[in-house]
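Worksheet: the structure to be examined is printed underneath.
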Amino acid sequence: MSIAEGQDGGQPQYSGAGRTGILPCQAISALWQDGEITATQPLADSQIQPSSLDLRLGEVAYRVRASFLPGPGQNMAQKIERHTMHSVDLKKGAVLERGCVYIVPLLERLSLSQRLSAIANPKSSTGRLDVFTRLITDGASEFDRIDAGYHGPLYTEIAPRTFSILAQTGARLNQIRLRRGEHRLTDTELTRLHQQSPLVHGDVGTENISEGIALTVDLQGAGDNGLIGYNARPHAPLIDMEKINHYDPVDFWEPIYAGTGTEPGLVLNPDDFYILASREAVSVPPDHAAEMVAYDTLVGEFRVHFAGFFDPGFGWAEAGGEGTRAVLEVRSHDVPFLLEHGQTVGRLVYERLTDSPDRIYGQDIGSNYQKQTLALAKQFRRG
């Protein structure tokens, strides 16, 4: 199902017009109607999430010899032509191989006003498959950032790290949040919001609020079996991105249990990919959005969470969440690293929306990870 087929150039209004913050779903729909978002195919209604827009792959993937940024004043199409090794037709689906870097022009295009900018992130399922995905624009000097007033095409860089994937035109690997100005909550505002309605549910009184809320890793396991995570198996089969609840996790993942080693904690091996979970359960109020950002790299040689967006309503009781644990995508850098239970692995920062969205995560929009505990990507069978 697609939203309004035409873009009639009118000026749709919503109650948050003029306020600073992240745009909700109804404002994103208004941008489509107003022509600030366009596409070579009609926009599907399911692309518009409570505070983000899913982006779709175009018809061709270009295998390039290395990752790159175009730089100020430079055109991506010219850079692609210079660095392409070969191209892959995505219209009927094609394999994107692990260890390779691809650039794919997207179906969507932006013509933003000077008051609007955007930030991009991989979708949750993309990150949980260890598919490294970053947005690029013409003239970009950094990934995943779209400057205010940008007019031009969008591209995504795709680098499967662990699993080779089958992708096709229309696949949704990343998403953008559009914002007017910026209203990231200060620690004082965050503390006040947490007191009004808990944003993390863990040990009472232990919340660490400093430039966001600190999240820690659970290595003791929940439930009777003591499962604490998964380690991706090398040389696993191909994953078709469009097959949901299809693959047997045993073929792709080795489960990790608490207390299986002689020493406490978990040693992260370089180049291995892990799925773990936070100790804390997270809640995002309907008029806010959250993002997982990297913790100070001085605390350890590892990276957590490629896909860091948390939509309004994630873990929210009225949306059926009652606090939902954050699933952590973890890689070690260069050397083995001992990760211990309760170690801080990231910060959750909150930003206000310009208005409450018409729909929130977990309410009739096909949300895959509400009330998750230790959930793999949606392509894998559960239970």
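Descriptive notes on the structure:
- Rough spin-label spacing in nm, given labels placed 7 Å along Cα→Cβ, for R145 and L238: 3.8
- Close amide-amide hydrogen proximity is noted between Q175 and L55, N121, K123, each under 5 Å apart and 5 or more residues distant or on a separate chain (H modeled in the peptide plane; Pro and chain starts excluded).
- Computed 3J(HN,Hα) for the range 275-287, one whole-Hz value per residue from the Karplus formula 6.51 cos²θ - 1.76 cosθ + 1.60 where θ = phi - 60°, is 10, 10, 9, 7, 5, 7, 8, 9, 10, 10, x, x, 9, glycine and proline marked x.
- Put simply, the amide H of Y247, placed in the peptide plane, has neighbours under 5 Å in F380, R381, leaving out anything fewer than 5 places away on its chain.
- Length released on extending from R82 to N269, taking residue separation times 0.36 nm less the Cα-Cα span: 63.7 nm
- Distance in nm between pseudo-label sites at Q195 and Q114 (7 Å out along the Cβ direction from Cα): 4.1
- Placed amide H near Y150: partners under 5 Å, 5+ positions off or other chain: L112
- Coil-residue GluC sites (Glu not before Pro) of the range 96-194, DSSP, other Cβ within 10 Å capped at 11: E142
- Peptides ranked, highest mean first, by Cβ atoms within 10 Å: ranges 74-86, 123-135: 123-135, 74-86
- Eligible lysines near K378 by straight Cα distance, threshold 28 Å, same-chain separation 8 or greater: K91, K92, K123, K243
Here, each number is a calculation from the coordinates, and none is a lab measurement. This one's a predicted model, so the numbers in the text were calculated from it and none came from an experiment. Reconstructed Cβ throughout: ideal geometry from the backbone, glycine too, with neighbour counts over all protein chains shown.
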